[in-house]
Amino acid sequence: MRITRCLPSSSEALNFIEHLRQNSPSQDTQFLSYPFQALLEHAGRAANTTTSLSELYQASKEWEIPLTINAGVLLIRYFGRLGMVDKSLLVFSELDPSLKNTHVHNVLIDVLLRDGRVDDALNVLDGMLQPSSEVPPNELTGDIVFYASVKEGRKGGELSDKDLIKLVSRFAEHSVFPKPKWLTQLIIKLCRNGKYHQGWNLLHEMLRLRAPLETATFNAVLTVLGRREDVDGMNRLLAEMKENDIRPNAVTFGILMNKLCKVGRVDDAMEILNKISEETGYDGVSIEADIIMYNTVINGLCKVGRQEEGLQLMEQMRSMKGVKPKAATYTCLIGGFCRVGEIERGMELFEQMKEEKVSPNVITLNTLVDGMCRNGRISSALEFFNDMQQKGLKGNVVTYSTLIGALCNVNNFDKANDLLDEMFRSGCCGDAILYYTLIHGMCQAGRMDDACNILSKLKEAGFRPDIVCYNALISGFCKQNKVDRAYEIIKEAEEAGMKFDRVTYNTLIAFFSKIGEFVVARRVMKQMIKEGHVPTVATYGALIHAYCLNGEINDAMELFKNMSSKSSVPPNTVIYNILIESLCKNNSIDLALSLMDDMKAKGVKPDTITYNAIFKGLKEKNLLKRVLKLMDSMVEHACKPNYVTIEVLTEWLCAVGESEKLKSFLQGYKVSTSDSEA
């Protein structure tokens, strides 16, 4: 074997073996097994490996040279690497049964899993996992299988979650457990696939079987419990770690404190922070608190409006060895003060961090810019942003989006456009939301040409308009009665494969109703229903309001009745108010009053607009006692009068000498003394 290995090439090694075979005095070829193994090693390194390996394997059978275990392993592995997995299976099946030990099985399973032949691998593995198996699995078997189970993007199929859990149990019967890193990744995979309870049960099964476990595995489950905001579950898991002598680390406590802060239990997080650095520690575990832990709790305090305590905690940090405030620490505090409108305090902290040589980052910049904009200090935000730019702290898409959104909210679209251009010049790419914000703002302000220009820029940037964007444009053109332009946008949306939603249909129904095109409006409504969209209160409201404005009160009432009887959308106060006001203007006060009774019976609360409409109608009919009863109803239901109420009632009641009753009403007292109607 040594001589064969020393030969310079596989061809010379083959010639050497042929020489030995031909000159052997014995017919027994077993002595050639090891030289043949060395020949395979040569062939595996050769350029024409595919051909030579197949030929050599055939030759070994023709010459009746028994394969060694290592020769069989080499052939299985070499064929697997060359994508000839069927050949690997053939070698395994033809190998002497006495040679098929656990190692050979492991190599074949690895080859099969790497090629995505999951079912074949499971078939081979099944024999190993039998209770009385002569080739039981070992740790390497577990490594091969569990590594394949958690590795993403492998060729071919994957082991199902159910198969994986079953395999873990079957391996455990042979005292083979997944390495902690594989178990951790397996539990994470189960949780990511929505199999949280299976992941939880698997961990507890490993605890029961006394499998070797590490803190990282429990940290993975803690993270999942945190996402589910299951703090009780997290505490139970910590208790189980203690029972099983698994020591929590800084990551463990960091996860716990982070989740406690996110669910508003900041005091519990502070208690952990204070205890872990004490001599006795937290449940006997003492570690050094790090900057991440402090920042987590400071951020939690600021989120619940306890900025002053956050400041105190930062001062406590300074006394800790090796723990100093960083940009993230200051940013949390700045954000906390900005959220409650204390921009000056935020700026003081900003100056303090610069004095302490803590460099602010773009998140700090965005926090202050956002705080100023939210508190109406857009000019200050722009000035601060420009100052930071000059000092080398550049903004990002979040900075520009915040400023542009704030400028749109105050209708300063020229400056918003300037900022957009500045953003492009700075090399900062905007996201789709930024474009949508601008388009929506331009449409709201009626600047449709500007909105279309932004739409063009959005497309040039590689983004695709969404239905919300198209809805804003359609609505904007409809408000300007530019129906042709609206149709252009509709056609473009259709060609882009966009599906219209209820907002689109409601916009069109409202537009056609407003211009009196009721036939078209009803046709659009039928199309809306056909497309699976349920008409909303806004849908019915647009049609009913338009009917009323056009004096077609009967059609409005018919639609209202259909809405009440056939629709799953009950009329609301706005719908009732539209009809009541229209009926009162048409001197149909009795029908208006009956509608008001109907809305009360259906649990729809009348508001000040309802009462005002009825008051005006009753005034025209001079039904004073009826008005007094309704005034009592307003007082009873705590419905406050507005200037319209006061104007209508003052003129009328003063003229008929009922000023005192008006005064009592305005003070919140009942005024009616009789149920009879004048």
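The values are calculated or read from the model by the stated rules, or taken from the named source; none is laboratory data. It should be emphasised that the depicted structure is a prediction, and the values quoted were computed from it without experimental measurement. All Cβ positions, even for glycine, are placed from backbone atoms using ideal geometry, and neighbour counts span all protein chains on display.
Of all the numbered requirements in (1) hydroxyl-bearing (S, T, Y); (2) at pLDDT below 90; (3) surrounded by 14 or more Cβ atoms within 10 Å (Cβ to Cβ), Y330 misses one, and that requirement is (2). Just so you know, in the range 99-137 the residues that are assigned to a loop (DSSP other than H, G, I, E, B) and of a type in the set (G, A, S) include one that is farthest from V150 (Cα to Cα), and it is S132.
Only residues that are of a type in the set (D, E, K, R) and in a loop (DSSP other than H, G, I, E, B) were counted across the range 379-401, and they come to 2.
Per the listing V569, V520, the residue uniquely over 23 Å from K670 (Cα atoms), of a type in the set (A, V, I, L, M) and either under 38 Å from the mean Cα position of the chain (by Cα) or not in a helix (DSSP H, G or I) (or both) is V569. Annotation: H533 fulfils all but one of (1) assigned to a helix (DSSP H, G or I); (2) at pLDDT 85 or above; (3) within 40 Å of the chain's Cα centre (by Cα); the unmet one is (1).
For the range 545-563, the set of residues classified as farther than 15 Å from N586 by Cα and either of a type outside the set (A, V, I, L, M, F, W, C) or in contact with a strand residue (DSSP E or B) (Cβ under 6 Å, 6 or more places away or on another chain) (or both) consists of E558, K561, N562, listed by residue number.
Checking the conditions here, which among V231, V176, V221 is over 22 Å from I276 (Cα atoms) and β-branched (V, I, T)?
V176
Restricting attention to the range 599-618 and to residues that are charged (D, E, K, R) and at pLDDT 90 or above, the residue that is surrounded by the fewest Cβ atoms within 10 Å (Cβ to Cβ) turns out to be K605.
Close contacts from the range 200-225, counting a first residue that is closer than 17 Å to A172 by Cα and a second that is among the small types (G, A, S), with Cβ to Cβ under 6 Å and a gap of 6+ residues or different chains, come to L209/A172.
Take the residues of the range 238-251 that are closer than 28 Å to H174 by Cβ and not β-branched (V, I, T): which is surrounded by the fewest Cβ atoms within 10 Å (Cβ to Cβ)?
So the first thing to find is which residues in the range 238-251 are closer than 28 Å to H174 by Cβ, and the list is 240-241, 243-246.
So of that shortlist, the ones also not β-branched (V, I, T) come out as 240-241, 243-245.
Values: E240: 15, M241: 22, E243: 9, N244: 11, D245: 7.
Filtering the range 238-251 for residues that are closer than 28 Å to H174 by Cβ and not β-branched (V, I, T), the one surrounded by the fewest Cβ atoms within 10 Å (Cβ to Cβ) comes out as D245.
Checked against the criterion of being at pLDDT 90 or above and either under 47 Å from the mean Cα position of the chain (by Cα) or closer than 18 Å to K663 by Cβ (or both), the candidates I589, I580 yield just one match: I580. Among residues of the range 289-313 that are without any contact (Cβ under 8 Å) to a residue 12 or more places away in the chain, those with a Cβ under 7 angstrom from a residue that is assigned to a helix (DSSP H, G or I), sequence gap 6+ or separate chain, pair up as E309/L301.
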